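The values are calculated or read from the model by the stated rules, or taken from the named source; none is laboratory data. From a predicted model like this one, the values you see are computed outputs, not experimental measurements. In this analysis, Cβ positions are derived from the backbone assuming ideal geometry, glycine residues included, and neighbour counts consider all displayed protein chains. The accessibility values were calculated without ligands, DNA or RNA, using every heavy atom of the protein model including side chains. Shrake-Rupley method; radii C 1.70, N 1.55, O 1.52, S 1.80 Å.
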Amino acid sequence: LTGGGFDFETDDSDSYFGLLGGTTLGFGRFYADLGLEFVKFGEGDDLDGDNVEDDTFRTDGLLNLGFFIGDRWVAFIGYRHATFGDGFFSDEGGNTEDGPFFGGGFCFRAGDRLAFGASLAYNALTLKIDGQAIDDLDLNGVSAKLQMNILDTPHSVFLRWQRFNGTIDEPGLFEYEYTENYLSLGYQATFDFKSW
């Protein structure tokens, strides 16, 4: 935060762990994904103003619609609803981030046992505090994901990086910049309901 003849800067880093789940429906070359991610931050925040750290969570709900282009490429568009607060889909003491994303990806096989994939998406989010959008702050960013699948098994691992950034600039008054970075390493098991 810059303005009124002073500068103020704060930087915080934390670890987090959690669970993700979802389902995919395919229709020829089209598909629809519904995903849910729930994580707990290692360090808490004072969410209720009592000078005591509270457990802090992030919940992401995602809807993703995509189209396979040939055997290796995919294009997609979707919507993200994310909350930061004291519980599941809670923004109590925290905030909400909503908005669309779009991107693409590709995959390839590396021998008989492994397949690799990569995707990149652009996000255009709105930041809300207590249900009120922060005017003139567009929280834009990118999400990148690398994934390795072990073929003929349900197992895969992934590395995901996300960066969201927004700025408010009121010339002569103040300038405010907000940035989030996430790096996630995860394991995923995928099951085909048709085989159950």
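Taken over the stretch 75-186, the convex hull of the Cα atoms encloses 123 Å³ per residue. Excluding ligands, DNA and RNA, the accessible surface per residue across the stretch 56-156 is 53 Å² with a 1.4 Å probe.
Extension gain for the segment residue 65 to residue 184, taken as residue separation times 0.36 nm less the Cα-Cα distance, is 40.6 nm to one decimal. Relative contact order of the stretch 111-158, taken over Cα pairs closer than 8 Å and 6 or more residues apart, is 43 percent. Across the accessible surface of the chain, with the other protein chains kept in place and a 1.4 Å probe, carbon and sulfur atoms take up 59 percent. In this simple spin-label approximation, residue 107 and residue 148 carry label points 7 Å from Cα along the Cα→Cβ vector, and these lie 1.7 nm apart. Distance between the pseudo-spin-label points of residue 34 and residue 81 (7 Å out from Cα toward the beta carbon): 1.2 nm. Put simply, the amide H of residue 151, placed in the peptide plane, has neighbours under 5 Å in 114, 115, leaving out anything fewer than 5 places away on its chain.
Each listed q (0.14 Å⁻¹) maps to a log10 I(q)/I(0) for the stretch 3-100, found by the Debye formula over equal Cα scatterers with no solvent: -0.69. Distance from the Cα centroid of the stretch 77-92 to that of the stretch 132-196 is 13 Å (rounded to whole angstrom). When Cα Rg over 2.2 N^0.38 Å is computed from the coordinates, the matching label among (i) 1.10; (ii) 1.17; (iii) 0.99 is (ii).
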